[in-house]
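The values are calculated or read from the model by the stated rules, or taken from the named source; none is laboratory data. Model, not experiment: these values are computed from the prediction. Note: ideal-geometry Cβ built from the backbone for every residue, glycine included; neighbour counts use all protein chains shown. These area figures cover heavy atoms from the full protein model, side chains too; ligands, DNA and RNA do not enter into them. Shrake-Rupley method; radii C 1.70, N 1.55, O 1.52, S 1.80 Å.
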Amino acid sequence: MLLLHCALLWLLLLLPPGSRTQKLPTRDEELFQMQIRDKAFFHDSSVIPDGAEISSYLFRDTPKRYFFVVEEDNTPLAVTVTPCDAPLEWKLSVQELPEEASGDGSGEPEPLEQQKQQITNEEGTELFSYKGNDVEYFVSSSSPSGLYQLDLLSTEKDTHFKIYATTTPESDQPYPELPYDPRIDVTSLGRTTVTLAWKPSPTASLLKQPIQYCIVINKEHNFKSLCAVEAKLSSDDAFMMAPKPGLDFSPFDFAHFGFPSDNNSGKERGFLKSSSKFGRQMSSKPRVDLHKICIGNKNIFTVSDLKPDTQYYFDMFAVNTNTNMSTAYVGTFARTKEEAKQKTVDLKDGKITDVFIKRKGTKFLRFAPVSSHQKVTFSVHSCLDAVQIQVRRDGKLLLSQNIEGVRQFQLRGKAKAKYLIRLKGSKKGASILKILATTRPNKQSFPSLPEDTRIKAFDKLRTCSSVTVAWLGTQERNKFCIYKKEVDDNYNEEQKKREQNQCLGPDTRKKSEKVLCKYFHSQNIQKAVTTETIRGLQPGKSYLLDVYVIGHGGHSVKYQSKLVKTRKFC
């Protein structure tokens with residue numbers, strides 16, 4: 001069986017030559033469980049424990065060697081090496097245990113270093129070797145007794161890795177078993193969603209061990225181990241926390257830690273203090289868009305909030321929650337569906353176009369003047385909530401704003417230029433707007449509006465049959481029409497909001513609702529105020545008042561509606 005802790009190997013090296021023929025102790029299960037619970041027990045050891053996964057690290061181009069002893073011939077043996085974020089080169093070999101000391105037969109123990117060299121400097125018989133980033137196994141149903149050596153090397157970069165070895169592979173089974181078909185199936189594909197399904201691990205369905213599944217999503221590649229995922233989720237390639245001297249690594253490793261590689265000679269690596277530990281200097285490399293989701297024991301899951309027309313890689317890991325050890329399914333990839341192609345509407349010079357945009361939707365318009373022009377004017381009337389407008393000329397962004405009500409933008413023209421207008425709707429609800437594009441500067445279809453389009457009612461001037469209201473005008477002479485509509489006493493703001501479509505003109509109103517129309521303007525903007533008394537109302541009744549301003553082109557814009565109520569007693 002595998003040697004349980006460092007003391008046994010040291011015992012092997014320190015015993016007098018005549019004593020080395022003594023039988024090594026077998027695995028004491030109670031002692032073994034106690035030692036495995038104390039993870040620090042193996043930190044400063046090059047000995048692999050029997051039946052427990054250990055995590056360690058490698059510095060680039062710095063080999064590392066681990067040992068374990070198999071005491072008896074014909075012993076089952078399984079060794080698993082899991083690379084994390086870099087490929088590994090590893091080799092497993094075995095050599096016979098020395099039975100007699102070389103020397104003059106004096107019985108005096110050899111110096112320690114000479115004893116170590118006698119055992120560890122021999123090449124031994126190579127049993128298995130591997131180079132790559134796959135989780136790889138060595139399994140033998142009948143292994144010879146001897147001192148086993150596991151040599152590891154990383155030539156790419158500093159990296160973490162994991163080792164698991166056992167002499168009882170049939171009974172241990174710490175890694176979840178994969179089903180006969182370990183593939184992940186893509187059962188449904190949308191623009192922003194992908195549904196995945198997989199067959200359950202027999203470890204859960206047959207052995208009834210606690211298994212949870214973890215899904216990993218990214219845009220770069222599939223992962224071969226959960227260890228690799230966790231390494232990538234760290235802040236950068238130098239994700240390792242620096243080991244503590246004397247606890248996590250040998251003095252030989254400490255001599256190399258924090259010093260430059262060959263291509264950076266003369267420059268010391270920096271350290272950052274974090275949570276009372278030291279980590280390597282952060283790199284400027286951007287983090288990978290990588291997500292891990294653990295979903296319990298379900299075997300179907302829909303990944304949402306993906307981007308349209310984007311390729312994603314999906315990996316699934318079965319995790320034994322008792323041992324925290326995992327096994328990877330065969331990963332897959334899929335491309336989400338494209339967004340439905342938007343139809344681009346062509347604008348005609350000087351003509352108003354009506355546009356409807358669904359909630360959070362987008363519409364594209366194109367304006368291509370047929371003649372050369374010095375300026376181009378865009379007039380936009382947002383009938384409901386605010387919308388976002390972007391204007392590009394031959395791909396160059398000229399304008400990006402949120403607009404409410406009526407807005408006008410004048411942009412510098414360019415010969416044979418084409419303009420692309422992007423309109424994005426409100427998050428609150430659907431948007432309705434009217435837009436006009438023209439190269440003729442005097443073409444103005446929308447009436448000018450004051451900044452404040454509210455109607456003010458004078459409470460002290462209310463009577464049982466009339467109300468007096470006022471509103472602002474502009475310096476431009478326009479036609480104003482006022483309409484009234486009787487409403488119930490329980491008329492609320494929600495009903496009022498539904499009638500706030502500013503693009504609905506007087507032509508949609510009943511003739512009986514019209515109060516009057518008049519022309520009004522003032523060269524002094526401070527005095528551009530008009531009042532009107534609306535008569536012939538019923539006592540104690542509520543009325544909704546609307547003011548429309550009508551431009552020279554006949555297009556109208558509605559002010560904000562006003563709810564008023566006559567006095568009940570006079």
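In segment 324-347, the residue that is farthest from ARG440 (Cα to Cα) out of those that are open to solvent by 70 Å² or more (accessible area, probe 1.4 Å) and modelled with pLDDT under 90 is ASN324.
Just one residue in the set THR474, THR463 is assigned to a loop (DSSP other than H, G, I, E, B), in contact with a Leu (Cβ under 8 Å, 6 or more places away or on another chain) and in the same structural domain as ASN524 (by the TED database); that residue is THR474. Across segment 166-187, the qualifying residues are those that are open to solvent by 60 Å² or more (accessible area, probe 1.4 Å) and among the polar types (S, T, N, Q), and the one among them that is nearest to GLU136 (Cα to Cα) is GLN173.
Residues in segment 188-201 that are open to solvent by 20 Å² or more (accessible area, probe 1.4 Å) and either touching a Pro at 6+ places or on another chain (Cβ under 7 Å) or not assigned by the TED database to the domain that holds PHE223 (or both): 4 in all.
Of the residues making up segment 545-560, those that are open to solvent by less than 10 Å² (accessible area, probe 1.4 Å) and within 13 Å of ALA457 (Cα to Cα) number 3. Checking the condition outside any loop (DSSP other than H, G, I, E, B), modelled with pLDDT under 90, aliphatic (A, V, I, L, M) and touching a Phe, Trp or Tyr at 6+ places or on another chain (Cβ under 7 Å), which residue from ILE119, ILE54 passes? Exactly one of ILE119, ILE54 is outside any loop (DSSP other than H, G, I, E, B), modelled with pLDDT under 90, aliphatic (A, V, I, L, M) and touching a Phe, Trp or Tyr at 6+ places or on another chain (Cβ under 7 Å), namely ILE54. Pairing residues of segment 329-351 that are not assigned by the TED database to the domain that holds ILE215 with residues that are open to solvent by less than 30 Å² (accessible area, probe 1.4 Å) and at pLDDT below 85, at Cβ distances under 8 Å and at least 6 apart in sequence or on separate chains, gives GLY350/SER445.
Taking first residues from segment 479-492 that are touching a residue at least 24 places away in the same chain (Cβ under 8 Å) and partners that are of a type in the set (Lys, Arg) and assigned to a strand (DSSP E or B), the Cβ contacts under 7 Å between residues at least 6 apart in sequence or on separate chains come to PHE480/LYS518; CYS481/LYS514; TYR483/LYS514. Of the candidates SER154, SER145, the single residue that is open to solvent by 10 Å² or more (accessible area, probe 1.4 Å) and modelled with pLDDT under 95 is SER145. Taken together, the residues in segment 368-392 that are open to solvent by less than 40 Å² (accessible area, probe 1.4 Å) and farther than 24 Å from ALA430 by Cα amount to 4.
Residue count for segment 499-533 satisfying the condition of being open to solvent by less than 40 Å² (accessible area, probe 1.4 Å), assigned to a loop (DSSP other than H, G, I, E, B) and not polar (S, T, N, Q): 3.
Give me the residue from segment 439-481 that is polar (S, T, N, Q) and over 48 Å from the mean Cα position of the chain (by Cα) and, out of that set, surrounded by the fewest Cβ atoms within 10 Å (Cβ to Cβ). Looking at residues that are polar (S, T, N, Q) and over 48 Å from the mean Cα position of the chain (by Cα), I get ASN442.
For SER129, the stated conditions hold: it is in a strand (DSSP E or B), open to solvent by 30 Å² or more (accessible area, probe 1.4 Å) and not assigned by the TED database to the domain that holds ASN297.
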